[in-house]
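For reference, the structure is listed below as structure tokens.
The values are calculated or read from the model by the stated rules, or taken from the named source; none is laboratory data. Computed from a prediction, not measured in an experiment: that's the story for all the values here. In this analysis, Cβ positions are derived from the backbone assuming ideal geometry, glycine residues included, and neighbour counts consider all displayed protein chains. Quick note on the areas: whole protein, heavy atoms, side chains included, nothing else; ligands and nucleic acids left out. Shrake-Rupley method; radii C 1.70, N 1.55, O 1.52, S 1.80 Å.
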Amino acid sequence: MLSKKSQVLEESITLAITALANELKAKGEDVLSFSAGEPDFDTPQTIKNAAIKAIEKGCSKYTAVAGIKDVLNAIAIKLKRDNNLSYETSEIITNVGAKHSLFQCLECLVDEGDEVIIPSPYWVSYPEMVKFAGGKCVFVQTKEENGFKITAKELKSVLNEKTKVFILNSPSNPVGCVYTKEELSALAKVLEGTKVVVLSDEMYEKLLYDGVEFHAFASVSEDAMKRTVTINGLSKCGAMPGWRFGYMASKNKALISAVKRLQGQSTSNICSITQYAAIPALLGECDEDIEKMRKAFEKRRNIALEMLSKMENISVYKPSGAFYLFINISKLEKDSMKFCQKLLEEKKVAVVPGIGFGMEGYLRLSYATSEENIIKGLERFGEFVKNYKA
């Protein structure tokens, strides 16, 4: 008999659709998948070389739970250099991807009935993690006219004595919106005088377009710094999704200690070789590779936006970051799951329904694939949209 806790979890819709697309491909179907949330670029050679060197030196033993000294130092240097955030190495812990960071933080912060504020649309795993921790999700439906960003007024309207955590994601998945410094400062001001902990998911920070700048939430004020857990990793901006390297940093020493205890009793340290491989990426030795990747994503985004702009009865938000397009299909179909299933069946194009992100009438399309696939896939999508009947 399974525990009640285990039964509240739903399967990740993005992983499920990616698996289905791969299954169809294995059967010989000409499937074009735009569902995966990972770069299609290979890991930079500098990172590979660091891993090979670590393997050859025999760096395959257990490490401290938080991570080796060199990787913690590298994270501290990165946060100071890129985000103007000063953390001691004792305030940092490496995790098995940023998903692990978020999961452990919520497990250590949330008790039964505690409320967690989540702007919608949201990354699919946030609500599931909150439910597993026993918390209550408080969704704030954002507006497209506000760039799908929660406003200070909206945040204030849902705060109460039960609010424990506020999850913020910038640049965001699935929309690609990026909060300005002024917007972050306004949100931080609302939280002053409360005990709310902010989990700031900053995974896509270096994938920005049109000259937009990234600002870490913890950097906007002294109060924000004290209440924020900065969460990041190298899956997206280091093209290292399968390496599983994430980290968190917080001035809340009690939380860091609790996460260390939880991790120590579950995974222990993260992969030792991954830790050594991450160091050059954190120290900026792969910045040239990341910039090439960013430019390629920006070009792909522009190609996709141009093609979509010529299609009737749909609209798309122009993202400033990440590598997703959030497409409004509500004029054609309110049921996004139905739409996406028919698209996969009839045109062999895999995208993710908006319902998985908490917003019906939309779908998410990842442009982390080749220009050729984008053009071919959107040609099929255009034909599907033109002839669609609900």
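A few notes on this one:
Residue by residue, here is whether (1) free of Cβ contacts under 8 Å to residues at least 40 places away in the same chain; (2) crowded, with 18+ Cβ neighbours inside 10 Å holds:
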| position | (1), (2) |
| --- | --- |
| L282 | no, yes |
| A296 | no, yes |
| K299 | no, no |
| N302 | yes, no |
| S315 | yes, no |
| K318 | yes, no |
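Condition check ((1) of a type in the set (D, E); (2) assigned to a helix (DSSP H, G or I)) across all residues:
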residue: Q7; (1), (2): no, yes
residue: E10; (1), (2): yes, no
residue: L15; (1), (2): no, yes
residue: N22; (1), (2): no, yes
residue: G37; (1), (2): no, no
residue: T46; (1), (2): no, yes
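- Flag if G147 is surrounded by fewer than 22 Cβ atoms within 10 Å (Cβ to Cβ), small (G, A, S) and within 18 Å of F217 (Cβ to Cβ): yes
- Scanning the stretch 380-390 for residues that are at pLDDT 95 or above and either touching a helix residue (DSSP H, G or I) at 6+ places or on another chain (Cβ under 8 Å) or assigned to a loop (DSSP other than H, G, I, E, B) (or both) returns R380, F381, G382, E383, F384.
- Test set (1) open to solvent by less than 30 Å² (accessible area, probe 1.4 Å); (2) assigned to a loop (DSSP other than H, G, I, E, B) - N160 fails condition number: (1)
- Considering L102, L85, the condition of being open to solvent by less than 60 Å² (accessible area, probe 1.4 Å), more than 18 Å from K236 (Cβ to Cβ) and modelled with pLDDT of 95 or more is satisfied by L85 alone.
- Restricted to the stretch 105-144, and to residues there that are among the hydroxyl-bearing types (S, T, Y) and surrounded by 22 or more Cβ atoms within 10 Å (Cβ to Cβ), the residue that is nearest to E182 (Cα to Cα) is T142.
- Across the stretch 21-33, a minimum of one residue is classified as in contact (Cβ under 8 Å) with a residue 40 or more places away in the chain, polar (S, T, N, Q) and farther than 18 Å from P280 by Cα.
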